[in-house]
1. Give the residues of region 425-437 that are surrounded by 20 or more Cβ atoms within 10 Å (Cβ to Cβ) and either touching a His at 6+ places or on another chain (Cβ under 6 Å) or modelled with pLDDT under 85 (or both), sorted by residue number.
2. Quick check: anything in region 350-368 in contact with a helix residue (DSSP H, G or I) (Cβ under 6 Å, 6 or more places away or on another chain), assigned to a helix (DSSP H, G or I) and over 21 Å from R121 (Cα atoms)?
3. Please count how many residues of region 344-371 are near the ligand (Cβ under 10 Å from one of its atoms) and among the hydrophobic types (A, V, I, L, M, F, W, C).
4. Being crowded, with 17+ Cβ neighbours inside 10 Å and outside any strand (DSSP E or B) is the filter here; which residues of region 136-146 pass it?
5. Looking only at region 328-343, count how many residues are more than 12 Å from the ligand (Cβ to nearest atom) and in a loop (DSSP other than H, G, I, E, B).
6. Take residues that are within 16 Å of the ligand (Cβ to nearest atom) and not small (G, A, S) and tell me which of the strands (runs of 3 or more DSSP E) falling wholly in region 375-481 contain 1 or more.
7. Exactly one of these conditions fails for L343: (1) surrounded by 24 or more Cβ atoms within 10 Å (Cβ to Cβ); (2) touching a helix residue (DSSP H, G or I) at 6+ places or on another chain (Cβ under 8 Å); (3) more than 29 Å from R151 (Cβ to Cβ). Give me its number.
8. Going residue by residue through region 319-326, is there one that turns out to be in a helix (DSSP H, G or I), within 16 Å of the ligand (Cβ to nearest atom), of a type in the set (A, V, I, L, M) and modelled with pLDDT of 95 or more?
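The values are calculated or read from the model by the stated rules, or taken from the named source; none is laboratory data. Here the structure is a predicted model, which is why all the values come from computation and not from measurement. So basically every Cβ, Gly included, is an ideal-geometry build from the backbone, and we count neighbours across all protein chains shown.
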Amino acid sequence: MGDLERRFASVEKVATVYSRCSMPYQHFCHSLRNYVTLSYMAYSGQLMFRIIFFGALFLALGLGAHTAIAQNVINGPSVSTADSVIGRIYLEGMQHSHAETLAQVLMDSIGPRLTGTPANRAANNWLVRTYTAWGIPARNEQSRIYRNWTRGPSRIELMAPRVRSLEATALAWSPATPPGGVTGDVVLARDSAGWLETVRGKFVLLTAPEINCRPDSSWARYALPAEYQAMRAARDSASRVWPVVDISKLEAAGVAGILTSKWAGGWGVDKIIGAQATIAPVFDLSCEDYSLLARLATHGQHPRIHAVADVHMAPKEAPLYNTIAELKGTEHPNQYIILSAHLDSWDSGSGAIDDGTGTIIMLEAMRLLKLAYPHPKRTIIVEQWSGEEQWMSGLFHQKHPEVVRGLQAELTQDSGTGAIGYVIGPSCPGDSMTFARWVAPLPTSLIPYGIRIQPSGDTTTCRYAPSFELYSSDRDHDRYSTAWDYEPYTYHTNRDTFDKINFNDLKRTATLVALLAYEASEDHHTTRLQPPDDHP
Ligand SMILES: [Zn+2]
C-alpha cells in the first residue's frame, strides 16, 4: 500500500442509511427497517463506493459504524480537488466567511422574527437588500396573512411583601396591560366552587410551579440516589395535582393577568412561546421567580405585583412573505435546486439557533455560489419563509408548481448549530445514493463526523425529486438535532441567542450547502423520476 493509499484508507467515512424513531416528529418515526450502510473510501485519488445492505442487522452494525466514525474523524481541509469551483467555494466559505457578520445583523439588530411581526418583515426586507447588493435577483412574495403584533417593553415587579424586579416577559401575542401597567395580588389557580368569583383584579399563577429549578443532571451528580428519586417523584406529583383552569373563564372573571412558567429543565431556561388569551395579559416568569410567587401565596404572605405589557396587536392581519432569491440556470433553467430555511422564530431570545442559523446558512451559501458559480446549469433558488413555528407552510410549492415539476433537489436546514451529521427525509427511490454521490467529491472536513442518511420511510412524501433535510449531530451520532444542548438550552427558549452559535460549524454548513447545490446543478443525471420538459 503506497503513501497515498494509506492516507486515503485512513479517512474512510461511513454514512449509515437507516430509519429509526429517534425524534419527536411523528412523520420521521418509523419502525426499524432497511438499514443500509454506505461507506466510501478515498482510494488513490478516486472515490470508491462500498454499498453494504445489512437489513435488520442494523443494531450491531450501527454500533460498528459509531466506532468507525470515532476512529476516522477527519480534521482540517483534507481534500485537495482538481475542481476549481469546489476549491473556490471551499476557500471562500472557510477562510472569508461572512456568516458571523451576517448573523450579528440578523440576530442582534433585527432580532427575533415572530411570525407576522414588523421584525419578521424587516428581516424579509434585509434579506432582499443583502441579495441585491451581491447582484443576486431577490424578491418578497406574499404567502399568507397573519396576526400583526408588536412587542414592546414588558416587566413585572414584586411590590409586597418585599420589592424585587422579577425575571418576566409577556408571551408572544399577549394582550396589553392598561398604559402604565396594573397592580394586583397574586393567587394560586384553584378549581374549587366559587373560586372564580374571587379573582377579579388579581394575577393567577396558571401553571404548576416547579418544586426546585435545579436541573436533574445536578441532582443526579450531587444528591443521594434515593433522595434524587424522591425529588423526581415529588416533582411529578406536584404537576399532576395542579388544577387545570380554563383561560377564557379567567378572562370572563376579570383577572388582571395570567402568570405562567415553562421551565425547560436547564439552568435559567424557559420555553417562551405564544399566549392563548385574548383579553388578559399573559407573562412567563423564570422558574425561580414563579416558584417564589407560588411559595409566597401558599404561605399566606400576600404577594402583590406591578405588571407592564406595552404590546400592540394591530386591528388587521398583515402579509407574510417568502423571500426568494435566484441564480438562473443556463443549461436547464426549468430544473431547480431549492435551498430552504424558515426565517420566523419565537421571540424571547433572538431566534438564533431556531432558525437564524438556517437563514444564515442559505444566505451565505448563495453568496458563495454567486462568487464561484454565478451561472449554474440548473436554477438555484433560495426560499426563506415564515410561519414554521405556527405549523404553517410557506406555500412555496403550491405557488410555484413549475418549480416542483422541475425539482432536482431540495436542501433544508433547521437543526441549530453544529456540524451536519445526518440527512433526514429522502423518500424517493435512489435518493440516498444521489446524496452519497454528491457528497463524495467534497472536502471531508465539512462533515467531520461523517453523514448518516435516514430515509423518511414514507414513499408518499416523495415529490419525485430528492428532499434532504440537513441535521447537526454530535461526535457520537447519539441522536440528531440535539447537538450543542439544543434541548434544553436553546430550542424555543429565552437563551436562543447569537452567542450560542458555533461559527466554525456554521461556516462548514454554509460551504457544504453551496457545494451540494453545485453538485446537484452539475449532475449529469436529472434526479426527478419523470424528467421535466425544459422547453415549455
Ligand atoms: Zn425551526
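1. Of the residues in region 425-437, the ones surrounded by 20 or more Cβ atoms within 10 Å (Cβ to Cβ) are 425-426, 428, 431-432, 434-436.
Once the filter is applied, which keeps residues that are surrounded by 20 or more Cβ atoms within 10 Å (Cβ to Cβ) and either touching a His at 6+ places or on another chain (Cβ under 6 Å) or modelled with pLDDT under 85 (or both), region 425-437 yields G425, P426, C428.
2. yes
3. Total meeting the criteria: 2.
4. First, the residues of region 136-146 that are crowded, with 17+ Cβ neighbours inside 10 Å: 136, 138, 140-141, 143-144, 146.
Scanning region 136-146 gives a single hit, I136.
5. Going through region 328-343, the residues more than 12 Å from the ligand (Cβ to nearest atom) turn out to be 328-339.
Still in the running and in a loop (DSSP other than H, G, I, E, B): 328-331.
The qualifying residues number 4.
6. Working: elements: 378-385, 407-413, 420-424, 452-454, 467-472.
Hits in region 375-481: 378-385, 407-413, 420-424, 467-472.
7. (3)
8. If we filter region 319-326 for residues that are in a helix (DSSP H, G or I), which is where we start, we get none.
The answer is no, given that none of the residues of region 319-326 is in a helix (DSSP H, G or I), within 16 Å of the ligand (Cβ to nearest atom), of a type in the set (A, V, I, L, M) and modelled with pLDDT of 95 or more.
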